[in-house]
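Undergrad: The structure's right below; bear with me while I get my questions together.
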Amino acid sequence: MSALATATDLVHTTTLAAATNENLANISNTLIYSAMAVYTLAFFTYIAEWIFGSRSKVSRTAAALTAKPAGAAGAKAPEVTVKNAGGTAVLERPKVVVRAAAGARDVPDGPGAHGGDVQGDLYGRIAVSLTVVAFLVEFAGVLARALSVQRAPWGNMYEFNLTFSTTAVGVYLVFLALKKDIRWLGLPLVTTVLLDLGLAVTVLYTASDQLVPALHSYWLYIHVSTAILCGAVFYVGAVATILYLFKDSYENKLASGGEPGSFATSVMERLPASASLDKFSYRVNAAVFPLWTFTIIAGAIWAGDAWGRYWGWDPKETWAFITWVAYATYLHARATAGWKGRRAAYIALIAFACFLFNYYGVNIFVSGKHSYAGV
Amino acid sequence: MSNTTAPAPGSSGSSDDQGLGAAASQLSTAPQEDAPGPPSMGVIGWARWFWRQLTSMRVALLLLFLLSLGAIPGSLIPQSGTDDTKVADFMRRHDFLGPLYEKLGLFHVYSSVWFSAIYILLFVSLIGCIVPRTWQFVGQLRSRPPGAPRRLTRLPAYTTWRTEAEPEQVREAALVLLRKRRFRALPHSPKDAGGIPIAGDSVAAEKGYLREVGNLAFHIALIVMLTAFAWGQLYKSEGNKLILEGDGFSNTLTQYDDFKSGTLFDTDDLDPFSFNLKDFKGTYEESGPNRGTPRTYEADVDYRVGAYGKAQKRTVKVNEPLVIGDSKVYLTAHGYAPVITVRDGKGDIVFDQPVALLPLDSNVTSSGAIKVMDGYRNAKGVQEQLGIQAFFLPTYVPGNEIASQFPALENPVLNLAPYHGDLGVNAGLPQSVYQLDKTHMKAFKDAKGQQVRENLKPGETMQLPNGAGSITYKGTQEWANFQITRQPAAGWALGGAIVAIVGLAGSLFIQRRRVWVRAVKGPDGVTVVEMGGLGRSESAKVPEELGEIAGTLYDQAPGAPDADSETPDPTVVPAEGAEK
Ligand code: HEM
């Protein structure tokens, strides 16, 4: 019986391990390494942007906060601010005046990592260009991988990691193309992309192999591609949330008369106002939540076709559900008095941690029906 | 808890905090947050207090949080529904934790008392929340948008200008313009009372009611989904049936190889249908490194609905079940069934049928047992039972005796090892059809005392020693395994899910907002136009939209040349004239 078992294993390894097209697989590997090199260049250029940006000594936040001490709301005539930046429409003649909600700090957004410094701005632009190049190279790498295995590039965790980081950078570039002010995301994004790719090529590398027949279904393509897209967008939301928490602490400190360190001042002054970061992360998370709902339902439909039940509390399903409930909790918190702001932000981060655990933790630590992917 | 701390800067308070009063009221149907004070009156007071708490946003938040927390252990601890052997294994290895987990229901989290309590409370809360919200919303639809606040300058978006046009003209133009932009717009004045419109100094408009509709639809859809899911769990059934080519199945309990069902399932719930497996086709990658990888699995069936239904042809594939009523017939596995003929010592045929073997690997190396229960007599004419251990390679390549090299029937070889004696099937204990219980069986031995064991090709026969009979391997049939599941209300769950997504999108992407336009004659006889906009949450869209509307209105009521400044100081402008 044991001889039989080993024979069985042998058969498995021989059919699965062989690459469909060694050549394309090698090209893919080369492209991924090249993308990592370009991301590294982009990483240093983003750093240069921050360093040059630190030359400009801006401290608008403090000025804004001391000019209008909090708590005075309602005492006298309403304070009216004219914002020319951002979404405020400036008409030919009637000007729209935008007033922040009472209790909200009215702090201007920072100028971005370059801090208004011309050279810093130049480096920032170069960094974005490098990011675009790295994205294209990585994209080509993923494509080559997909062609080499003749299926969608998400059969195992190595491929998941590649596709995920490509999508995250893609989302960032789309935001930039839409003229959203999120260049501040560049450095944290490229840093995590490098970590993600480093993990992929060292620990998770898997030679290309085939999918088992149960995976052949167009619902799989829908389910997994939307899951990856959701993850990338949730990631952008999570980074904004973390920065919001930092910036909010910074503004709180200033408002209560504290004096933050010079490094904190230099960095924080260049970020958007905490209210803007908060709003940005809310919008991003809220916008992708229906898609995440759809992803889970598509998964359930697929499970119904492939396994005969649409929901079976498999660990992967369970964590998708937990993530969903956690994000729903976050959206609820935003509508509940006393839970807005920082508390809601913590919930958003917990929700993203659930997503990450589903992505990595469940594959590595828990066994279930989804573990065919092979770490 | 929120009432004790002052609103932290940055965490914007609700729009009511801005002193906008009625103007911001009912911009959503979210329940009022009241102070979590203890109730004052007896039982009814307590009950009312408890109900208020349960249906508050705060408790809904807490329950949602508990729900996600409660779902975690089920993903980390083996669950009895999905993996009984792992649970048993866990119980064996953990003397202390095992019984503790057992007590806490951690081996069946999703049907445990405490998990059920969380979601039942959540859904009671949800229903207790939806019903009043729906009524409130219907009321909002039937009433008119609230009138303009006295000071439009306090609104998040504001604009003003002076014009030569008459106030009535401006208001009329605003009304037309807002209605054209699909606002629900009505003339309004502060004196307006009892719902009777009186031509007043301002126009009130509101848009985005679909947001609320979407939100309510989403929450109602959640209830539908949960109910459908619970229903499905209670009435579900699931069974397996292995069918040889040419054989059939009719959907009654006795025909299943194994069967599981929900607590409220009744055998009458089985959909009446039957089907025959006409042909199973498996094709495999013929060459290359992926040689042997399945390309297609297809089962051609004839099925009939009801006892006298017409036979219909269908092909069942791995991801494409046959759907009949609430039942789905899935193709889950396939394998081979060598056709075996056994003759006894006198040469009489005592066994002649295909025997399904169990696949062991992806190349369908198979094993199983042939059991001749009765009719067999040995060379001496004594009644005995025969058991034959079978090992089968659909593609035998000389040199590799233990594993098939390809899943299709390219060079089939059947290895047989016969035994005689008592199969033990009459002992009443359930026995696997694929295994022999050899405790009361003896292997046939040849003249040298070696166990008899032979490789047969189709058509070949092996003789049992000492005239004990013979075994013939006539040919090979294929079998397919079908899983027949019935999960009622799945359609409801899907419908609920679709409504939930659409409602959610509406709820999150549609802004509910109000616009007020006030036009009054100033002290100097020039008309002052003021416009204010308010959204449920601060949004860049509100001022943008207000700007567009103001721009269009401005074209119809162009700015008057002004002595002092283009934009009058908003703190001075408020239309005091309207107060008189
Ligand atoms: C099964 C549990 C629930 C889930 C998954 C859930 C999910 C959600 C989600 C995702 C939203 C965001 C949509 C939006 O912001 O417009 C939302 C909003 C809302 N939910 Fe729930 N909910 C649940 C239970 C409840 C309960 C029990 C209540 C009543 C206390 C409630 C009241 C509300 C209200 C009033 C809003 C709209 C808030 C606003 O106006 O922004 N929900 N819910």
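The values are calculated or read from the model by the stated rules, or taken from the named source; none is laboratory data. Since we're looking at a predicted model, the values are computed, not measured. Note: ideal-geometry Cβ built from the backbone for every residue, glycine included; neighbour counts use all protein chains shown.
Undergrad: Please give the strands (runs of 3 or more DSSP E) falling wholly within region B:296-369 in which 1 or more residues are within 28 Å of the chain's Cα centre (by Cα) and touching a residue at least 60 places away in the same chain (Cβ under 8 Å).
TA: So the answer is B:312-317, B:327-343.
Undergrad: Take the residues in region B:85-123 that are among the aromatic types (Phe, Trp, Tyr) and within 16 Å of the ligand (Cβ to nearest atom); name whichever of them is nearest to the other protein chains (Cβ to nearest Cβ).
TA: Restricting to residues being among the aromatic types (Phe, Trp, Tyr) and within 16 Å of the ligand (Cβ to nearest atom), the top hit is B:TYR110.
Undergrad: Residues in region A:318-325: is at least one near the ligand (Cβ under 9 Å from one of its atoms), in contact with a helix residue (DSSP H, G or I) (Cβ under 8 Å, 6 or more places away or on another chain) and under 21 Å from B:VAL502 (Cβ atoms)?
TA: yes
Undergrad: I'd like the full set of residues that are modelled with pLDDT under 90 and surrounded by fewer than 17 Cβ atoms within 10 Å (Cβ to Cβ), limited to region A:217-252.
TA: A:TYR218, A:TYR221
Undergrad: Taking region B:209-264, which residues are more than 16 Å from the ligand (Cβ to nearest atom) and among the aromatic types (Phe, Trp, Tyr)?
TA: Residues satisfying the conditions are B:TRP231, B:TYR235, B:PHE249, B:TYR256, B:PHE259.
Undergrad: Additional query: Out of everything in region B:40-61 that is among the aliphatic types (A, V, I, L, M), in a helix (DSSP H, G or I) and more than 9 Å from chain A (Cβ to nearest Cβ), what residue ends up being farthest from the ligand (Cβ to nearest atom)?
TA: B:VAL43
Undergrad: Okay, next question. Can you tell me which condition A:ALA275 does not meet? The list is (1) crowded, with 20+ Cβ neighbours inside 10 Å; (2) more than 8 Å from chain B (Cβ to nearest Cβ), and all the others hold.
TA: In the conditions (1) crowded, with 20+ Cβ neighbours inside 10 Å; (2) more than 8 Å from chain B (Cβ to nearest Cβ), A:ALA275 misses (2) alone.
Undergrad: Here is a further query. Please state which one of B:ASP352, B:ASP326 is surrounded by fewer than 20 Cβ atoms within 10 Å (Cβ to Cβ), touching a strand residue (DSSP E or B) at 6+ places or on another chain (Cβ under 8 Å) and within 14 Å of another protein chain (Cβ to nearest Cβ).
TA: B:ASP326
Undergrad: Continuing with this model, one more query. Looking only at region B:355-375, how many residues end up being more than 14 Å from chain A (Cβ to nearest Cβ), more than 15 Å from B:GLU478 (Cβ to Cβ) and modelled with pLDDT of 90 or more?
TA: Of the residues in region B:355-375, 4 are more than 14 Å from chain A (Cβ to nearest Cβ), more than 15 Å from B:GLU478 (Cβ to Cβ) and modelled with pLDDT of 90 or more.
Undergrad: Taking region A:253-270 on its own, how many of its residues are surrounded by fewer than 22 Cβ atoms within 10 Å (Cβ to Cβ) and part of a loop (DSSP other than H, G, I, E, B)?
TA: 6
Undergrad: Answer yes or no: is there a residue in region B:124-144 that is of a type in the set (Gly, Ala, Ser), away from the ligand (no atom under 16 Å from the Cβ), within 13 Å of chain A (Cβ to nearest Cβ) and over 29 Å from the mean Cα position of the chain (by Cα).
TA: no
Undergrad: On to the next question. Might you let me know whether region B:84-107 holds any residue that is outside the structural domain of B:SER537 (by TED's automatic domain parsing) and under 28 Å from B:GLY503 (Cβ atoms)?
TA: Checking region B:84-107: not a single residue is outside the structural domain of B:SER537 (by TED's automatic domain parsing) and under 28 Å from B:GLY503 (Cβ atoms).
Undergrad: Within region A:311-321, work out how many residues are facing chain B (nearest Cβ under 7 Å) and buried (at least 22 other Cβ atoms within 10 Å of the Cβ).
TA: 3
Undergrad: Also: Here are some residues: A:ALA152, A:ALA227. Which one is assigned to a loop (DSSP other than H, G, I, E, B), hydrophobic (A, V, I, L, M, F, W, C) and either touching a residue at least 40 places away in the same chain (Cβ under 8 Å) or touching a Phe, Trp or Tyr at 6+ places or on another chain (Cβ under 6 Å) (or both)?
TA: A:ALA152
Undergrad: Would you pick out the residues in region A:278-310 that are more than 7 Å from chain B (Cβ to nearest Cβ) and aromatic (Phe, Trp, Tyr)?
TA: Answer for region A:278-310, where residues must be more than 7 Å from chain B (Cβ to nearest Cβ) and aromatic (Phe, Trp, Tyr): A:PHE280, A:TYR282, A:TRP292, A:TRP302, A:TRP307.
Undergrad: Tell me which helices (runs of 4 or more DSSP H) are completely within region A:300-375 and hold 2 or more residues being at pLDDT 85 or above and within 19 Å of the chain's Cα centre (by Cα), or say none if there are none.
TA: In region A:300-375, the matching helices (runs of 4 or more DSSP H) lie at A:315-334, A:342-356.
A quick yes/no check of all residues on (1) modelled with pLDDT of 95 or more; (2) under 29 Å from A:MET268 (Cβ atoms); (3) surrounded by fewer than 24 Cβ atoms within 10 Å (Cβ to Cβ):
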| site | (1), (2), (3) |
| --- | --- |
| A:VAL133 | yes, no, yes |
| A:SER148 | no, no, yes |
| A:TRP154 | no, no, no |
| A:GLY186 | no, yes, no |
| A:LEU199 | no, no, yes |
| A:THR206 | no, no, yes |
| A:VAL212 | no, no, yes |
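Undergrad: Could you list all residues from region B:83-96 that are within 22 Å of A:TRP313 (Cα to Cα) and surrounded by 12 or more Cβ atoms within 10 Å (Cβ to Cβ)?
TA: Scanning region B:83-96 gives B:ASP83, B:ASP84, B:LYS86, B:VAL87, B:ALA88, B:ASP89, B:PHE90, B:MET91.
Undergrad: Does B:GLY491 fit the bill of being surrounded by fewer than 17 Cβ atoms within 10 Å (Cβ to Cβ) and at pLDDT below 90?
TA: So B:GLY491 fits the description; yes.
Undergrad: Which residues, counting only those in region B:376-405, are of a type in the set (Val, Ile, Thr), out of contact with any helix residue (DSSP H, G or I) (no Cβ under 8 Å at 6 or more places or on another chain) and within 13 Å of another protein chain (Cβ to nearest Cβ)?
TA: Within region B:376-405, B:THR395, B:VAL397 meet the criteria.
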